[in-house]
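What follows is a set of notes on a single structure, which appears directly below.
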Amino acid sequence: MIVKSLTLKNFRNHSYLNYDFQKGINVIEGPNGVGKTNIVEAIYYLSLARSFRLNEDEGLIQKGKSKAEIEADVEQGGIKRKIRVVIGKEGKQVYFYNKPISRLSELAKITNVILFEPKDVMLFRGSPKARRNFLDISLAKHSAPYLDYISRYNKVLKERNELLKQNKIDENLLSTVTEMLVKLSGPIVSYRQMYVKDINDILIKITRALTGVHEKVEVIYKPFVPFDENFNEAALEAFKKVEESDIRHKATSTGVHREDFTVYLNDKEIGEYGSQGENRIVALALKLAPYFLIEDKDKRPIVVLDDVMSELDQAHRQRLLEFLKKFEQVFITATRLDISEATHYKLKKKEKEVF
Ligand SMILES: Nc1ncnc2c1ncn2[C@@H]1O[C@H](COP(=O)(O)OP(=O)(O)O)[C@@H](O)[C@H]1O
Ligand SMILES: [Mg+2]
């Protein structure tokens with residue numbers, strides 16, 4: 001899919017901006033602080049109805065204004081679609097052809113954006129949350145049922161945690177809620193196991209293309225209980241084992257919401273032993289991998305690389321640029337990037353108002 005055009009109104013520093021974008025590589029250039037990341041943030045917003053930089057939407061609204069708007073024409077397999085998002089202080093509303101969308105999961109079916117930003121170099125070194133997010137977001141975009149399982153799981157998990165916070169715990173209710181969690185966990189673990197297997201096949205190829213050498217790279221996913229025919233029993237047992245301590249700590253300490261994966265480069269844990277450069281390239285390769293796993297070519301995501309080029313040496317930059325030709329549409333932000341075969345958009349610093 002591609003974004004054909006984008007209009008921003010009162011979105012961050014952009015009072016009004018309107019761009020027509022092209023297939024292939026789009027380079028958004030300009031000095032620091034001019035609003036490059038803000039543009040790709042708006043593009044990313046179309047995919048998940050949230051920012052990758054903020055938890056609260058309010059910061060997206062231009063200071064002093066009451067609402068921000070993003071309008072985009074997105075093309076998928078020759079079919080043009082109009083998406084409009086209005087972000088107000090009390091909440092957001094997404095419109096699809098001027099019709100309000102009630103569930104944000106519907107948006108997940110319309111637009112998909114892969115993002116790589118400088119802080120992703122920490123993907124294998126930071127907390128498991130970022131890795132789980134990667135897995136959950138890409139799997140949800142890959143398989144709609146997964147999104148449904150995860151949302152239901154999170155609701156039941158919340159109920160269980162509420163229950164654990166009560167002074168007098170209803171044992172029967174706790175068992176029922178735990179059983180519900182187990183039922184939802186099976187498919188989630190199974191999806192994750194299969195997906196990681198598919199990721200591994202493609203990850204090795206992407207890493208090779210980006211580094212120019214054949215390296216062994218592998219994602220190892222550690223489910224809290226492996227998915228097989230004994231899953232439900234084993235999972236119930238796992239919850240039972242920590243029940244007492246869960247009651248004491250008033251939270252659920254095991255389950256898919258606590259899982260993690262580890263990446264090995266040439267049999268060494270990359271987060272621990274890899275160089276900064278290796279971490280960056282493998283994190284980039286991993287983030288790009290989901291693109292190739294989406295079978296319907298028209299539904300393949302838009303790729304956004306925010307401020308990544310300047311961090312790479314010349315050889316890696318060349319290889320990456322070559323590799324980017326595989327994607328239908330790519331956005332790159334940079335202070336300066338002279339590449340042919342790309343459309344360039346130059347943002348200029350506004351003259352400061354003189355009082
Ligand atoms: N809600 C907002 N209202 C007005 N300006 C904002 C808002 N949020 C961020 N900005 C401004 O946006 C600019 C940063 O934009 P950004 O896209 O991060 O720049 P860069 O081009 O370096 O990627 C800063 O000048 C910041 O003050
Ligand atoms: Mg930026």
Exactly one condition in (1) under 20 Å from the mean Cα position of the chain (by Cα); (2) free of Cβ contacts under 8 Å to residues at least 24 places away in the same chain is not met by G64; state its number.
(1)
Of all residues in the stretch 296-336 being within 16 Å of ligand 1 (Cβ to nearest atom) and part of a loop (DSSP other than H, G, I, E, B), which is nearest to L203 (Cα to Cα)?
V308
Which strands (runs of 3 or more DSSP E) sit wholly inside the stretch 1-111 and have at least 3 residues that are away from ligand 1 (no atom under 16 Å from the Cβ)?
2-11, 67-76, 79-88, 91-96, 99-101
How many of the residues making up the stretch 153-167 are within 10 Å of I247 (Cα to Cα) and loosely packed, with under 14 Cβ neighbours inside 10 Å?
3
Across the stretch 29-53, what is the number of residues that are under 23 Å from P100 (Cβ atoms) and free of Cβ contacts under 8 Å to residues at least 24 places away in the same chain?
2
Testing V74 on (1) surrounded by fewer than 20 Cβ atoms within 10 Å (Cβ to Cβ); (2) in contact with a Ser or Thr (Cβ under 8 Å, 6 or more places away or on another chain), one condition comes back false. Which one is that?
(1)
Within the stretch 283-310, track down each residue that is of a type in the set (A, V, I, L, M, F, W, C) and within 16 Å of ligand 2 (Cβ to nearest atom).
V304, L305, V308, M309
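Please find, among T207, T178, the residue that is over 28 Å from Y264 (Cβ atoms), surrounded by 19 or more Cβ atoms within 10 Å (Cβ to Cβ) and at pLDDT 95 or above.
Of T207, T178, the one residue that is over 28 Å from Y264 (Cβ atoms), surrounded by 19 or more Cβ atoms within 10 Å (Cβ to Cβ) and at pLDDT 95 or above is T178.
The values are calculated or read from the model by the stated rules, or taken from the named source; none is laboratory data. All figures in this text were calculated on a predicted structure; none of them were measured in a lab. All Cβ positions, glycine included, derive from the backbone under ideal geometry; neighbour counts span all protein chains shown.
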